[in-house]
1. Is the range B:464-483 home to any residue that is assigned to a loop (DSSP other than H, G, I, E, B), surrounded by fewer than 16 Cβ atoms within 10 Å (Cβ to Cβ), within 16 Å of ligand 1 (Cβ to nearest atom) and at positive phi?
2. Identify, from the list B:266, B:238, B:288, B:229, the residue that is more than 14 Å from chain A (Cβ to nearest Cβ), open to solvent by 10 Å² or more (accessible area, probe 1.4 Å) and polar (S, T, N, Q).
3. Go through the range B:107-133 and report how many residues are within 30 Å of residue B:1 (Cβ to Cβ), of a type outside the set (Val, Ile, Thr) and either open to solvent by 10 Å² or more (accessible area, probe 1.4 Å) or not assigned by TED's automatic domain parsing to the domain that holds residue B:7 (or both).
4. Please go through the range B:83-124 and give me each residue that is of a type in the set (Val, Ile, Thr) and away from every other protein chain (no Cβ under 12 Å), ordered by number.
5. Test of understanding: among B:495, B:436, which residue is of a type in the set (Gly, Ala, Ser) and open to solvent by 20 Å² or more (accessible area, probe 1.4 Å)?
6. Is at least one residue of the range B:136-149 facing chain A (nearest Cβ under 10 Å), surrounded by 23 or more Cβ atoms within 10 Å (Cβ to Cβ) and touching a residue at least 12 places away in the same chain (Cβ under 8 Å)?
Amino acid sequence: MIERQLTLIMENKPGALARVVGLFHQRGYNIDSLHVDPIEDFTRYKFIEDELNIKFASHEVSRLIIKTTVEDSLMRQILRQINKLIEVIAVSDDESTYLKGILRDENLL
Amino acid sequence: MKLAGNDMLIQSLINEGVEYIFGYPGGAALHIYDSIFKQKEMQHILVRHEQGATHAADGYARATGKPGVVMVTSGPGATNAITGIATAFMDSIPMIVISGQVQSHLIGTDAFQETDMIGISRPIVKHSFTVDHQKNIPQIVKEAFHIATSGRQGPVVIDIPKDITNPDDLFDYEYPSEINIRSYNPPIEPELSQAERVVNAIMDSKKPVIYAGGGTISSNASDELRELNSYIDVPVTNTLMGLGVYPATDERFLGMLGMHGTYQANMAMHNADLILAIGARFDDRITNTPEKFAPKAKIVHFDVDHSSVSKIIEADIAVFGQVKNSLQLINSIIKERLDELDKDKFDNWHKQIAEWKKLHGLNHQMYKEESDANPILPQAAVQHIYHASHGKAFVTSDVGQHQMFAAQYYHFDEPRKWINSGGLGTMGFGLPSAMGVKLAYPDEEVICITGEGSIQMCIQELSTCSQYKLPIKIFNINNLSLGMVKQWQDMNYEGRHSSISYEDSLPDFKSLVESYGHIGIKITKNSDLKAGIEKAFAIKDKLVFVDIYVDPNEHVYPMLVAPNGSLKDMWLSKGSKT
Ligand SMILES: Cc1ncc(C[n+]2csc(CCOP(=O)(O)OP(=O)(O)O)c2C)c(N)n1
Ligand SMILES: [Mg+2]
């Protein structure tokens with residue numbers, strides 16, 4: 001088991017964070033650390049805007065960084081479960097990214 | 001058009017084409033109920049307990065494929081709905097649950113009938129919304145219906161504070177015609193390359209099995225599944241949730257698989273070299289010990305939900321997309337390559353399966369061997385119900401032995417006819433879900449096969465059935481005990497029957513249902529069984545409750561040996577296993 005980092009880009013809406021945290025508890029995964037901030041400047045994630053054909057306003061979307069220690073084999077399942085949350089726009093681990101439901105084989109976030 | 005929040009909510013439901021709202025009023029929902037009163041397009045069905053509302057909406061959804069709609073008040077109304085929401089969630093059933101909430105300024109103050117509905121329901125909904133302003137109502141309702149009915153379907157909660165439904169505050173109303181949720185994009189079309197790999201795998205296999213589940217029904221892919229098998233002609237098994245998606249009376253049908261699956265279905269899965277899992281999720285009632293599951297099989301998994309694939313059993317080939325679209329693509333490829341498929345290569349496999357079936361298959365003729373020297377067998381009761389309803393009825397069920405007997409012995413030839421709580425296993429589901437089905441299909445025969453334990457968990461809905469004149473046929477497989485629990489105690493606890501008997505406290509169901517204005521029939525001996533069941537079906541305009549006293553010592557077999565067993569390890573009768 002090694003510590004892994006997940007990055008999420010999600011809608012900054014009330015209750016959205018609770019869904020992510022709740023999911024970790026519900027599925028039996030532990031959160032080692034959690035950092036959330038609303039994204040002011042979206043330049044770094046311009047490719048998401050291009051992909052979705054949309055322009056995000058400042059603070060409309062949040063970035064979550066979660067550190068968790070899990071079996072390697074569970075990592076894919078965690079990613080997929082997070083990707084299923086309706087408000088999650090993108091989620092990545094070290095090797096892959098789900099961008100609005102579509103899997104890419106690299107960490108884009 | 002300017003509308004108040006309460007009217008906006010109701011108008012939005014009308015715009016969605018809702019026919020029925022199943023619900024129960026209360027303080028926080030009163031403005032909404034006033035709007036319901038003022039309109040004619042939808043009918044509100046007043047249940048007797050909010051759990052009944054959720055199961056009725058759920059039954060409606062399972063039978064029609066359209067989302068069921070539930071309306072409850074805050075606090076106890078909302079918490080009473082929880083079991084039904086969880087039931088729908090576990091079986092991926094589209095449902096919209098609207099819960100009243102205390103006024104916005106009271107939220108967080110422990111106000112009268114305040115409960116954090118969004119928090120309580122979070123792990124058992126596909127998504128949920130709090131309405132923060134009237135102007136967002138149309139958009140939220142539109143999104144809720146879209147989310148509930150697309151991708152992997154499921155329940156969506158809309159929690160709406162009372163002040164937002166205030167009749168005096170008017171706002172512009174326009175119902176959106178299209179919807180695009182920028183963070184939500186469930187797969188629809190499969191990848192061609194994956195589909196081609198699947199077809200190659202079929203061409204290469206000698207012992208294939210199709211294992212189709214509830215997702216095939218949700219995706220309305222029964223026709224595509226049947227078409228696929230008209231080309232490849234291989235054995236098909238269905239999960240408890242999938243029954244009816246492939247015709248049970250077809251020669252290639254193996255019966256249900258899993259915990260109480262047929263011998264031939266479980267053996268075929270265990271020995272297969274290729275498993276085509278279609279809208280099924282390798283639940284633990286299916287796999288037995290996952291490490292021992294189908295050791296020789298290549299696994300192909302069709303699913304709309306990424307997180308279902310390789311969750312329990314690693315898939316060799318995954319096809320993401322709506323099952324219907326995926327099967328259409330597979331069919332179009334196979335049609336082109338039919339000459340490559342040598343169907344004779346499956347002959348030995350079919351022969352082997354026929355042998356298994358002959359050896360330990362279910363006895364569907366038990367109803368022919370009855371005598372008053374013996375108690376009524378629950379299996380035979382189901383067989384009579386099957387014949388008397390010509391195999392065409394909608395059948396809802398509860399949870400326990402009676403449910404398994406219904407699944408094993410009522411042959412479903414069409415999807416959406418078998419309505420039961422597979423994932424959560426909710427006792428109390430049968431009667432209210434039958435109400436939802438009967439409202440959707442008033443001219444069809446709707447049966448509830450239940451047990452004396454389960455029926456008492458929502459028996460108050462007998463009153464709803466008289467109010468709305470729902471002539472359901474209820475068959476109570478009465479074994480005087482929590483039979484399934486008792487079976488486990490017989491098998492795993494040396495027959496220590498802890499808390500499974502009501503002693504002499506059961507009601508006289510016949511007089512009970514008659515007090516609601518229904519007809520009761522009590523059957524205690526074999527010689528009355530056939531005639532009693534046929535009499536129930538002959539009564540067209542009334543709810544008939546048939547209380548059938550069956551052998552209290554009967555067990556459901558086959559039953560998978562656990563823990564550490566594989567799919568080939570089954571109990572076949574008391575004291576004998578494979
Ligand atoms: C709400 C709920 N509580 C408890 C259970 C556990 N349980 C499963 S089957 C069963 C017995 C059901 O008894 P009955 O309805 O009479 O059916 P039988 O097995 O006797 O046919 C129980 C208690 C359940 N599935 N649902
Ligand atoms: Mg019973």
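The values are calculated or read from the model by the stated rules, or taken from the named source; none is laboratory data. In this text, all values refer to a predicted model and were calculated from it rather than measured experimentally. We place every Cβ from the backbone using ideal geometry, glycine too, and count neighbours over all the protein chains shown. What goes into the accessible areas is simple: the full protein's heavy atoms, side chains included, and nothing from ligands, DNA or RNA. Shrake-Rupley method; radii C 1.70, N 1.55, O 1.52, S 1.80 Å.
1. Looking through the range B:464-483, none of the residues is assigned to a loop (DSSP other than H, G, I, E, B), surrounded by fewer than 16 Cβ atoms within 10 Å (Cβ to Cβ), within 16 Å of ligand 1 (Cβ to nearest atom) and at positive phi.
2. Result: B:288 is the single residue among B:266, B:238, B:288, B:229 that is more than 14 Å from chain A (Cβ to nearest Cβ), open to solvent by 10 Å² or more (accessible area, probe 1.4 Å) and polar (S, T, N, Q).
3. Going residue by residue through the range B:107-133, those that are within 30 Å of residue B:1 (Cβ to Cβ) are B:107, B:117-118, B:127-133.
Okay, now just the ones that are also of a type outside the set (Val, Ile, Thr), so B:117, B:127-129, B:132-133.
This time we only want the ones that are either open to solvent by 10 Å² or more (accessible area, probe 1.4 Å) or not assigned by TED's automatic domain parsing to the domain that holds residue B:7 (or both), so: B:129, B:132-133.
Residues meeting the conditions: 3.
4. Keep residues of the range B:83-124 that are of a type in the set (Val, Ile, Thr), which gives B:83, B:85, B:87, B:93, B:96-98, B:102, B:107, B:109, B:115, B:118, B:120, B:124.
Selection gives B:83, B:85, B:87, B:93, B:96, B:97, B:98, B:102, B:109, B:115.
5. When all the criteria are applied, what remains is B:495.
6. Yes: one or more hits.
Okay, residues lined up against (1) free of Cβ contacts under 8 Å to residues at least 24 places away in the same chain; (2) at positive phi; (3) in a loop (DSSP other than H, G, I, E, B):
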{"residue": "B:158", "(1), (2), (3)": "no, no, no"}
{"residue": "B:171", "(1), (2), (3)": "no, no, no"}
{"residue": "B:181", "(1), (2), (3)": "no, no, yes"}
{"residue": "B:190", "(1), (2), (3)": "no, no, yes"}
{"residue": "B:206", "(1), (2), (3)": "no, no, yes"}
{"residue": "B:209", "(1), (2), (3)": "no, no, no"}
{"residue": "B:229", "(1), (2), (3)": "yes, no, no"}
{"residue": "B:234", "(1), (2), (3)": "no, no, yes"}
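Results for (1) modelled with pLDDT of 95 or more; (2) closer than 28 Å to residue B:416 by Cβ; (3) surrounded by 18 or more Cβ atoms within 10 Å (Cβ to Cβ), shown as yes or no for each residue.
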| site | (1), (2), (3) |
| --- | --- |
| B:25 | yes, no, yes |
| B:38 | yes, no, no |
| B:77 | yes, no, yes |
| B:85 | yes, yes, yes |
